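Report on the following structure.
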Amino acid sequence: MANLTPKSKDPSQWFTDIMQQAELADIRYNIKGFLVYQPWAVDTMEIMYDFIEADLNERGHKKYWFPALIPEKNFNIESDHVEGFTPQVFWVESAGADKLEERYALRPTSETAFYSMFSLWLRSYKDLPFRTYQRANVFRYETKATRPFLRTREFFWIETHCAFPDEVSAFQNILDDLKSTEKIIGNVFGIPTITFKRPKWDTFAGADSTYAADAVLFNGKVIQLPSTHMLGTNFSKPFGVKFQDKDEQEKFAYLTCYGPCVSRIYAAMVLTHGDDKGMKLPFELAPTQVIIVPILAEKEPKVLVEAKKIAEELKKNGIRVQIDSSDKRAGEKFYFWEMKGVPIRIELGPKDLEAKKVVLVRRDEGKKKDVSIEHLGTIASKNNFVEEIKKEGLLLSKALKDSAITAFKNMIVDAKTLPEIKKLISTNIIRTPFCSAGHEGAECAQIVEKDLGSTIRGTRIDVKEKPAHSDKCPFCGKEANEIVYIAKQY
Ligand SMILES: [Zn+2]
């Protein structure tokens, strides 16, 4: 039996172990920072894509597939963007035996691809709002240490690119992006986040302002999940994304972009819910929602026959189910599927068969519970057995979410002085008064980075928070104008 480091002891090592033992990704591919994602992870990430895309479709986004290569001349059009991304670009410089006349960037993000086409497509106010997205892999030459799923040189995300006639409707779209984050990543995936307006010095290259949701991985260490950016007219001017407005004036469109990174959200989900025994997958996300373990089936072939009937009944009702009829011992099977995070286990042995029931065990509770299969295959079963399984699955999802929220809330603490912050920062997110999240605060932000190894995450936008009159910035002693959050980034 494999040996899993307890998450409570060393969550980082636990994540490495789980990646190997649950077969989420193989890191032995021979380019640094590139992984082979394996079926147990890919299946769930596909489901995550489906949830996010269904929501975008509902909000009126249309799906595109853009080329992975961006000509250098497009890439160079917006100067802040170039400066921000150039150090991270992989360039394609030759093809076959030819050196190319112009280099192509392997997309690190696709603003400069989309907006060059927007300038051809958008003509009139009637074309707006214009909402697009694509599901794509993007490439960034990370020079910091790479970490599977969390910081890699190729990652899998969705990027949305939208155009609006004015700033107000563009900003409304940003608020809607943040609502989507809460609705899907928070409510369905069960990952709690707080939403910030990033400080000026931490704004996306080429954006007027950046908004982002941070999740906590463990010990107060945060990770950015989606961010959404107000690009204003910074890209539409150089790219010529113009439209004729109702007043017949030609105007530049306001652009926004939003980027949920599915491979990273997946890792956050695994780290949020897992425990010492392994993964715990929300019912909605599990590739296998129910694992059936037949007991003593070699002696009683009827057990396997019945197990197949149960699986059939569940499948018919849209539940993803597998039977583990391998020749491992039952205990080993239990351990394995618990480690993989399967939400519900059904045990079925000769005695259960006689009593016309199965034993159900939920991954989060670990308690055994009898469920009747007396009416299997009949209408009565549909109302009882299948509904019972679905009900337990959804209860599990809710329990995972509730416990994640509690842990998350407990990690947010208030501190107003430097000694207090120093004492608490290693395991918490600190809420503190601060001089300014504008350019003036950049020096204090550097102190936070150098002395505390932490970053200013920003100011809340979902709730209004104001410092008291007497509050001072703990780093420069000047009057505090905002409440910010400080945390270590994973
Ligand atoms: Zn300050």
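The values are calculated or read from the model by the stated rules, or taken from the named source; none is laboratory data. Note that the structure is a prediction, hence the values are computed from the model and not measured. As a convention, Cβ positions derive from the backbone with ideal geometry for all residues, glycine included, and neighbour counts pool all protein chains shown. For the accessible areas, the whole protein counts, side chains as well, though only heavy atoms, and no ligand, DNA or RNA atoms are used. Shrake-Rupley method; radii C 1.70, N 1.55, O 1.52, S 1.80 Å.
When you look at W40, is it part of a helix (DSSP H, G or I), of a type outside the set (D, E) and over 11 Å from G278 (Cβ atoms), yes or no? Answer is yes for this residue. Restricted to region 426-435, and to residues there that are away from the ligand (no atom under 16 Å from the Cβ) and among the β-branched types (V, I, T), the residue that is least open to solvent (accessible area, probe 1.4 Å) is I429.
Residues in region 58-88 that are assigned to a loop (DSSP other than H, G, I, E, B) and closer than 12 Å to A205 by Cβ: E78 only. As a summary of the residue check, Q489 satisfies the conditions (1) crowded, with 16+ Cβ neighbours inside 10 Å; (2) under 23 Å from the mean Cα position of the chain (by Cα); (3) in contact (Cβ under 8 Å) with a residue 40 or more places away in the chain; (4) away from the ligand (no atom under 11 Å from the Cβ) except for the one numbered (1). Against the criterion of being surrounded by fewer than 19 Cβ atoms within 10 Å (Cβ to Cβ), at pLDDT 95 or above and more than 10 Å from the ligand (Cβ to nearest atom), D414 qualifies.
Taking region 335-344 as the range and being more than 18 Å from V371 (Cβ to Cβ) and either open to solvent by 30 Å² or more (accessible area, probe 1.4 Å) or of a type in the set (A, V, I, L, M, F, W, C) (or both) as the test, the residues that pass are Y335, F336, E338, M339. Cβ-Cβ distances below 7 Å connect the following pairs, each with a first residue in region 393-407 that is within 14 Å of M269 (Cα to Cα), a second residue that is in a helix (DSSP H, G or I), and a separation of six or more residues or different chains: L400/H273; A404/T272; A404/H273.
Listed by position, the strands (runs of 3 or more DSSP E) enclosed by region 331-376 that each have at least 1 residues that are over 17 Å from Q289 (Cα atoms) are 357-362, 368-372. Can we say S403 is open to solvent by less than 30 Å² (accessible area, probe 1.4 Å) and either at pLDDT below 95 or polar (S, T, N, Q) (or both)? No; evaluated as a whole, the condition is false for this residue. When region 476-486 is filtered for residues that are within 12 Å of the ligand (Cβ to nearest atom) and either surrounded by fewer than 22 Cβ atoms within 10 Å (Cβ to Cβ) or free of Cβ contacts under 8 Å to residues at least 24 places away in the same chain (or both), the ones remaining, listed by number, are C476, G477, K478, E479, N481. I430: closer than 17 Å to A213 by Cβ and in contact with a Phe, Trp or Tyr (Cβ under 9 Å, 6 or more places away or on another chain), yes or no? So I430 does not fit the description; no. If you check V262, V241 for being open to solvent by less than 10 Å² (accessible area, probe 1.4 Å), touching a Lys or Arg at 6+ places or on another chain (Cβ under 9 Å), touching a residue at least 24 places away in the same chain (Cβ under 8 Å) and of a type in the set (V, I, T), only one passes: V262. Given the criteria open to solvent by less than 40 Å² (accessible area, probe 1.4 Å), charged (D, E, K, R) and outside any helix (DSSP H, G or I), does K32 qualify? When the stated conditions are applied, K32 does not pass them. Restricting region 436-471 to residues that are within 12 Å of the ligand (Cβ to nearest atom) and closer than 20 Å to I412 by Cα, the residue that is nearest to the chain's Cα centre (by Cα) is I456.
For the criterion of being of a type in the set (K, R), open to solvent by 70 Å² or more (accessible area, probe 1.4 Å) and not in a strand (DSSP E or B), K422 passes. Evaluating R198 against the criteria (1) buried (at least 21 other Cβ atoms within 10 Å of the Cβ); (2) at pLDDT 95 or above; (3) closer than 24 Å to A399 by Cβ leaves one unmet condition, (3).
Looking only at residues in region 95-109 that are basic (K, R) and in a strand (DSSP E or B), the one that is least open to solvent (accessible area, probe 1.4 Å) is R103.
Give the residues of region 274-291 that are touching a residue at least 60 places away in the same chain (Cβ under 8 Å), outside any loop (DSSP other than H, G, I, E, B) and open to solvent by less than 10 Å² (accessible area, probe 1.4 Å), sorted by residue number. Residues satisfying the conditions are G278, V290.
The number of residues in region 235-273 being over 16 Å from I174 (Cα atoms) and not in a helix (DSSP H, G or I) comes to 15.
The residues listed here are E347, E387, E332; of these, the one that is buried (at least 18 other Cβ atoms within 10 Å of the Cβ) and out of contact with any Asp or Glu (no Cβ under 9 Å at 6 or more places or on another chain) is E347.
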